[in-house]
Amino acid sequence: MTTTRTLQVDPLSPDPAVIAEAVEILKRGGLVAFPTETVYGLGARALDEAAIERIFQAKGRPARHPIIAHVEDEAGARKLSADWSERASRLARAFWPGPLTLVVPRASSVPASLSGGTDSIAIRAPAHPVARALLAMLGEPLAAPSANRYQSLSPTLAKHVLKSLDGQFELLLDAGPCARGIESTVIDVRGARSRLLRPGALDLPQIRAIDGSIEVADGLAAEGEERASPGMDARHYAPRAKLVVSTDADAGDVARRHREAGARVGLVSRGEAHPISGVTVRTLSVDPKTYESALFATLHALDDSGCDVIVVAEPPAGEEWLAVRDRLERARAR
Ligand code: TXA
Ligand code: MG
């Protein structure tokens, strides 16, 4: 394949004719990239082993990295699970459709390759109207990792998908920017207590209000440790440029020094921007949710403008910044 076909689709009321084209392709074993409220996903029928294999090929993703199955609702999730607990049910009722992924025991009818060979499966019901229309018309679960090459930045715009995967799949549904801009929160609900595997768009306080058992492993993003979630490599979500995280106080100086050393430099600050000669400064919000929604797009834009180095001012330590700090920790150069 050379160039992937793109169809524009209204994010709020997708044209059924466009969705039908996507469904046709999926039914033939093809791959369709589509928007979710978090990031764009690269979709294939979740029960089609050959199509799953194509996802791994397209992304250059190691076979042991499990993929999330997307479903319409809790009933759809139950069919993929060997044991759907009362806790899973409570969480699904509270947050689906939405950016929460639940790891549960995998039903034997689901290909092991989807789950990277493990006996679990990660499932979520996305909220984006385009994703929901696709699932409804297809009538089957969709396997969908983020639509980017292995270890590169997740896509929050259609052009980000093409930047890394053009020609590797059949159709791209372009519905504009993904509102949340950061991936779903992944929790493992198999044990006596739930475990946070990946902080994400759904905040912990909200989850705790429904599931008080949830545990947050220490050093979620610590380097060189066994990952809590298979496929959560330390280096992930990385831009092409070298990404450096500096304290708020130092970020400007660090950017200036890289600039003086001859690098093309981008600086991502929070709340207030001081112009620095020769440095591209991007200012993101002091509100964590607004910051999250713009982070990946900002890193993509700085990458595209040819930056060699991106300096990011370190966000505060609070739990509301957990997902952002996790992504920056994985994206930073080491
Ligand atoms: O927001 C999202 O979750 C997006 C959109 C497209 O839905 N998808 C996404 O997929 O981020 P991906 O493949 O890029 O990330 C999947 C994450 C990884 O961290 C992986 O380790 C975890 O989910 N995961 C998937 N299946 C798992 C399993 N069976 N057990 C534990 N972790 C799992
Ligand atoms: Mg990903």
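Readers should treat all values here as calculations from the given coordinates under stated rules, not as data from a laboratory. All values derive from a computational prediction rather than experimental measurement. Using ideal geometry, Cβ is built from the backbone for each residue, glycine included, and neighbour counts are taken over all protein chains shown.
In segment 97-196, what percentage of the DSSP-assigned beta bridges are antiparallel, given to the nearest 5? Around 60 percent antiparallel, to the nearest 5.
Want the number for residue 64 to residue 305: 0.36 nm per residue separation, take away the alpha-carbon distance, what's left? Mind showing how you got there, number by number?
Numbers: separation 241, 0.36 × 241 = 86.76 nm, distance 3.40 nm.
The residue 64-residue 305 span can extend by a further 83.4 nm.
Annotation: amide H of residue 121 within the under-5 Å range of 104, 106, sequence separation 5 or more or interchain, hydrogens built in the peptide plane. I need the shape label for segment 93-166. Rule: rounded when a/c is under 1.5, else prolate if a/b > b/c, else oblate, with a, b, c from the alpha carbon gyration tensor. It comes out oblate by the Cα gyration axes.
Using the per-residue mean of other Cβ atoms lying within 10 Å as a proxy for protection, in what order, highest first, do the peptides 208-214, 6-12 fall?
Order by mean packing, descending: 6-12, 208-214.
Shown for 109, 164, 154: other C-beta atoms within 10 Å of each C-beta, ranked fewest to most, produce the order 109, 164, 154. Potential lengthening of the chain between residue 118 and residue 149 amounts to 8.9 nm, from the contour at 0.36 nm per residue minus the alpha-carbon distance. For the Cα atoms of the chain, what angle does the longest principal axis make with the long axis of helix 248-260, in degrees from 0 to 90, nearest 10? That works out to roughly 70 degrees.
Once each part is reduced to its C-alpha centroid, what is the distance from segment 125-180 to segment 233-304 in angstrom? Centre-to-centre (Cα) distance: 26 Å.
Based solely on its DSSP helices, what 222 nm [θ] is calculated for the chain when runs of n ≥ 4 H residues each add -39,500 (n - 2.57) and the sum is averaged over all residues, nearest 500 deg cm²/dmol?
On the way: 10 runs with 105 residues, N = 334.
So the calculated ellipticity at 222 nm is -9500 deg cm²/dmol.
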